[in-house]
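Sharing a structure with you now.
Each value in this text was obtained by applying a stated rule to the coordinates, not by laboratory testing. Computed from a prediction, not measured in an experiment: that's the story for all the values here. FYI the Cβ positions are ideal-geometry reconstructions off the backbone, even for glycines, and counts take in every protein chain you see.
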Amino acid sequence: MRVQAIEELVAKRCQPCEGGVEPYTLEASREQLVDLHGWALTADGQRIRKEWTVRHFMAAMDFFNRVAEVAEDDGHHPDLHVSGYRHVAIELWTHAIGGLSENDFILAAKIDQLPIELQS
């Protein structure tokens, strides 16, 4: 699997995945994450996660609504987490293959393009 630039990822659309595709290897995942700042592999190596601290609860909800629009448009849905009313996190993985696919990196790159009201 070839490492793709952020611009390449953002220009793509997620493809339906019903299984039968090999998940990214740990090495390929790490290489693809180099330009996706703030995203990291989870301990099991099967997901990528990013965390933010936003200004307030409504900033978290606004951000999640923007993420939901992008995710729905691409047909690839992340796990969204909010705790302590302004700590937000997103985890991406491809359920059908039990690991990471190109779709996860595409959506991560698109999420990074969204405005977010961070705590100053």
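So what is the 222 nm mean residue ellipticity for the chain from helices alone, if each DSSP H run of at least 4 adds -39500 (n - 2.57) and you divide by all residues, rounding to the nearest 500 deg cm²/dmol?
So the calculated ellipticity at 222 nm is -10500 deg cm²/dmol.
Considering the dipole of the range 1-86 built from charges on the beta carbon (Lys and Arg +1, Asp and Glu -1) around the Cα centre, which of T53, Q4, A71 is farthest to its positive end?
Positive-most Cα among the choices belongs to T53.
Amide H to amide H, which residues 5 or more places from T94 or on other chains are under 5 Å from it, using H placed in the peptide plane?
So T94 has HN proximity to G99, L100, S101.
Which whole-number percent is the relative contact order of the range 18-114 (Cα, under 8 Å, 6+ apart)?
Working: 133 pairs, mean separation 33.8, N = 97.
Relative contact order comes out at 35 percent.
Is the range 17-77 rounded, prolate or oblate when judged by the Cα gyration tensor, a ≥ b ≥ c being the square roots of its eigenvalues, rounded requiring a/c under 1.5 and prolate requiring a/b larger than b/c?
It comes out oblate by the Cα gyration axes.
If I compute percent of Cα pairs over 18 Å apart from the structure I just sent, which labelled value in [x] 60; [y] 49; [z] 80 lines up?
[y]
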